[in-house]
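Quick notes on the structure that follows.
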Amino acid sequence: MPSPCKLILLHGLGSNREGMQPLADELHGSVAPEETILLEGPFDVGKGTASAFAWFTPPDDAHRALDDPKRASPSGLEKSVKKIHDQIDQFVQGGTPTNQIFLIGHSQGGAAAITAGLMYPQTLGGVIAIAGYLTLDEAMHPSVTKTPFRFHHALEDDNVSCYWADYARNAMEELGLNCQVKFWDFSENPHAIHPPQIEAISEWIRGTTLL
């Protein structure tokens, strides 16, 4: 019997919607969502005939520390947030309660999911970021939300440092938001999505939908 929940999956920088299909397939078996949508970033960064997309472009001063007040906001973030919110609104207009809608993103898709969840005016079922990170505070303007956030991050990730996940948790807890971080020990391909993470995500979604 399918779960009443609906999932929106967001790929990482330089990937596309098909890049999240393996995760969608796994969640279909473990969670059995009523519907899963794989969104694609609005910015084409493909080379040649490759299909590769971005949710936003990194700031020119990306080398600055995350908490540096002079660090610029990533461009294109608002366009991505609108695209994600439009999909949420389509679910809602079709009769799905917002607390049965989950955003799941990997890497830059995780950052987009976090920002979209923070800015959505109603409480979602949850936001899950795998190797994700928080965009700048001034780019968020978060709504007052009870949406739960869950981050999964490998300690060895040298693409998106685990420091970014820790920074996100601290910043969000200061805002009074429900944010949990699960750190993993993956020495091989630490920026990828691993089966134990998928299992933990599935358990979290199932537990949340039963509340």
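Here's the yes/no breakdown for (1) at pLDDT below 95; (2) in contact with a strand residue (DSSP E or B) (Cβ under 8 Å, 6 or more places away or on another chain):
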site	(1), (2)
101	no, yes
111	yes, yes
117	yes, yes
127	no, yes
146	yes, no
159	yes, no
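Restricted to the stretch 72-93, and to residues that are in a helix (DSSP H, G or I) and of a type in the set (A, V, I, L, M, F, W, C), which residue is farthest from residue 10 (Cα to Cα)? Walk me through it before giving the result.
As a first pass, look at the stretch 72-93 and keep what is in a helix (DSSP H, G or I): 77-93.
Still in the list and also of a type in the set (A, V, I, L, M, F, W, C): 77, 81, 84, 88, 91-92.
On the way: 77: 14, 81: 11, 84: 9, 88: 13, 91: 16, 92: 19 Å.
Result: 92.
The values are calculated or read from the model by the stated rules, or taken from the named source; none is laboratory data. These numbers come from a predicted model, not from an experiment. Every residue, glycine among them, receives a Cβ derived from its backbone with ideal geometry; neighbour counts consider all protein chains shown.
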